[in-house]
Amino acid sequence: MASFHEKGSVGSGDKVATRNDAAFALDERRRAALAEVDNAKFSWFHAKVCVVAGVGFFTDAYDIFAINIASTMLGYVYGKGQKLNKNQDLGVKVATPVGTFVGQLLFGWLADVVGRKRMYGVELMIIIIATFAQALSGDGKAVHIIGTLVVWRFLMGIGIGGDYPLSAVISSEFASTKIRGRMMTAVFANQGWGNFTAALVAFIITAAYKTSILKEASVTNLKSVDYMWRILIGLGCVPGVIALYFRLTIPETPRFTMDIERNIDQATADIKTVLTNTSRVDNDDLVQRVEAPRASLADFRAYFGRWENFKVLFGCAYSWFALDIAFYGLGLNSGIVLQAIGFGTPPQKGVEGVYQNLKNICIGNLILSAGGLIPGYWFTFLFIDKWGRKPIQLMGFIALTILFVIMGFGYDKLTATPAATKGFVVLYCFANFFQNFGPNTTTFVIPGEAFPTRYRSTAHGISAASGKLGAIVAQVGFAQLKDIGGTNKFVKHILEIFAFFMLTGIFSTLLLPETNRQSLEELSNENQDGFVRGPSRKSNVTDV
């Protein structure tokens with residue numbers, strides 16, 4: 001209950017609210033405004049957020065995984081012996097995860113400091129420019145084209161990294177409680193379609209250039225393949241260009257306006273704007289700053305210095321790290337794995353062999369995407385708001401541990417005959433399936449929910465960057481280990497290593513809370529009573 005006390009001259013009947021009364025009123029207004037967001041029905045605006053954020057993830061996945069096929073093309077054109085050497089192949093594949101690692105930390109922090117809206121679209125512009133620049137890269141005496149591509153792919157990675165915390169937090173903060181898991185999954189599921197489209201576009205380009213490839217005089221001068229990889233990479237900027245306008249015009253999330261800018265009036269007006277699908281109005285009258293917890297280094301240490309908060313951040317970060325060791329270890333090297341097991345190996349040599357090899361790699365990637373990646377995302381979509389996040393992540397890690405144990409320790413028998421090889425491919429598809437109907441999706445969702453608004457994007461960026469650290473470790477390790485004992489002879493042991501990391505992911509998942517059907521404020525692990533301590537003494541309100 002609010003309290004009042006009397007002030008003034010004798011006989012005065014006026015009652016003046018104390019600062020506690022103002023704090024109580026503002027706190028209740030904040031609760032009521034957040035309840036409107038949490039209880040809102042799915043609307044056109046929610047669909048727009050899913051599409052605008054999802055197109056970014058489609059672009060990210062296309063750009064990341066297209067290099068899996070493009071690296072083979074680059075080897076035919078610029079490699080000695082028609083293949084990139086170990087360091088060149090590693091460079092073009094690991095540059096993007098390294099850039100992504102930087103971008104996730106940088107943009108995650110910036111989104112909590114300057115705002116989600118101000119940064120949303122900036123990362124997409126970086127992706128567009130860097131992707132287009134890759135397609136125009138040329139060879140030179142001072143700098144080899146592979147070196148140029150490494151630089152541009154690193155810069156592209158910074159943009160891709162920014163997309164993770166921004167898209168996760170924006171979709172999370174706009175979503176109502178009942179549909180938040182499905183909204184975030186729908187955004188992230190576009191990663192599967194981007195992966196599939198990269199393989200499909202590569203297949204179409206390969207088919208279109210079949211005649212040109214077969215007319216080449218020698219495998220040492222494949223000009224047509226030089227066109228192919230440039231088209232494949234360059235097309236990656238098209239969806240980004242389409243989505244850019246909508247990203248630049250998406251409104252600021254009410255939670256950022258309310259809890260970080262501490263402007264309850266503007267946030268309340270923004271919520272009505274979003275729910276009624278009308279235009280946002282910035283009005284100087286809608287400025288009422290409040291006293292509320294502020295982000296600072298001391299506050300960050302105090303919040304995450306408590307075990308109940310730190311264990312969530314560690315659980316999110318390590319689970320993502322463990323998952324990405326296998327996800328990117330396989331995803332960026334699926335062509336190598338398919339060749340190692342002899343799936344679709346071309347019998348022909350010369351230019352006919354070049355065409356057949358590229359075609360088979362494209363078909364293999366299409367099978368892996370359609371057979372495992374895409375269905376996994378949408379199974380998560382169906383069950384994430386029913387089962388919860390934690391059970392799906394646990395199930396995924398357990399299934400992946402079993403699958404990698406079978407593929408690793410049974411590798412020799414599973415690749416001994418053509419029939420057995422098909423069985424290996426089926427297991428590979430199941431691994432892709434349980435990565436996405438499992439930790440690959442939930443490690444994206446949980447960090448976007450489990451932290452307070454002032455650190456939500458930063459914490460998501462830290463978690464995602466831990467994942468990319470796993471991707472970097474996997475890619476460097478895969479490149480250095482796969483040929484121990486002969487070409488691709490160590491692949492079976494790499495699969496066994498993946499099984500170990502999936503096992504550790506089971507235990508890190510146990511540190512996580514269940515976030516299903518709870519508001520973001522409940523999940524922040526902060527007392528919401530008295531969260532707003534009153535009007536800011538430094539607030540300047542202009543009356544017009």
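The values are calculated or read from the model by the stated rules, or taken from the named source; none is laboratory data. Quantities reported herein were computed from a predicted structural model and do not represent experimental measurements. With ideal geometry, Cβ positions are generated from the backbone for all residues, glycine too; neighbour counts draw on all protein chains shown. Protein only, heavy atoms only, side chains kept; ligands, DNA and RNA dropped before computing areas. Shrake-Rupley method; radii C 1.70, N 1.55, O 1.52, S 1.80 Å.
General remarks:
- Farthest toward the positive end of the dipole of the chain, out of 427, 507, 168, is the Cα of 427, where the dipole comes from beta carbon charges about the Cα centre.
- Using the Karplus relation 6.51 cos²θ - 1.76 cosθ + 1.60 with θ = phi - 60°, the per-residue 3J(HN,Hα) values for region 84-96 come to 5, 6, 4, 6, 5, 4, 5, x, 5, 8, 8, 4, 5 Hz, with x marking Gly and Pro.
- Region 394-507, dipole about Cα centre (Lys/Arg Cβ +1, Asp/Glu Cβ -1), debye to the nearest 20: 120
- Taking Cα centre as origin and charging only the Cβ of basic (Lys, Arg, +1) and acidic (Asp, Glu, -1) residues, the dipole magnitude of the chain rounds to 1240 debye.
- Accessible surface of the chain, 1.4 Å probe: 64 percent of it comes from carbon and sulfur atoms.
- Contact order normalised by residue count of region 147-274, Cα under 8 Å, 6+ apart, percent: 18
- Mean ellipticity per residue at 222 nm, deg cm²/dmol - from DSSP H runs of n ≥ 4 across the chain, formula -39500 (n - 2.57): -23000 deg cm²/dmol
- Sorted on the mean count of surrounding Cβ atoms within 10 Å across their residues, most packed first, peptides 23-29, 320-326 read 320-326, 23-29.
- Value of relative contact order over region 43-511, rounded to a whole percent, pairs C-alpha under 8 Å and six or more apart: 25
- Scaling the Cα radius of gyration of region 146-258 by the globular reference 2.2 N^0.38 Å produces a ratio of 1.47.
- Seen from every direction in turn and averaged, the convex hull around the alpha carbons of region 107-158 projects onto 3.9 nm².
- Dividing the convex hull volume of the alpha carbon atoms of the chain by its residue count gives 159 Å³ per residue.
- Residues whose placed amide H lies under 5 Å from that of residue 263, excluding near-sequence neighbours: 258
- Averaged per residue, the chain has 40 square angstrom of accessible surface, using a 1.4 angstrom probe with ligands and nucleic acids left out.
- Region 215-225 - phi-based ³J(HN,Hα) in whole Hz, Karplus 6.51/-1.76/1.60, Gly and Pro as x: 8, 5, 6, 8, 6, 8, 9, 9, 5, 5, 5
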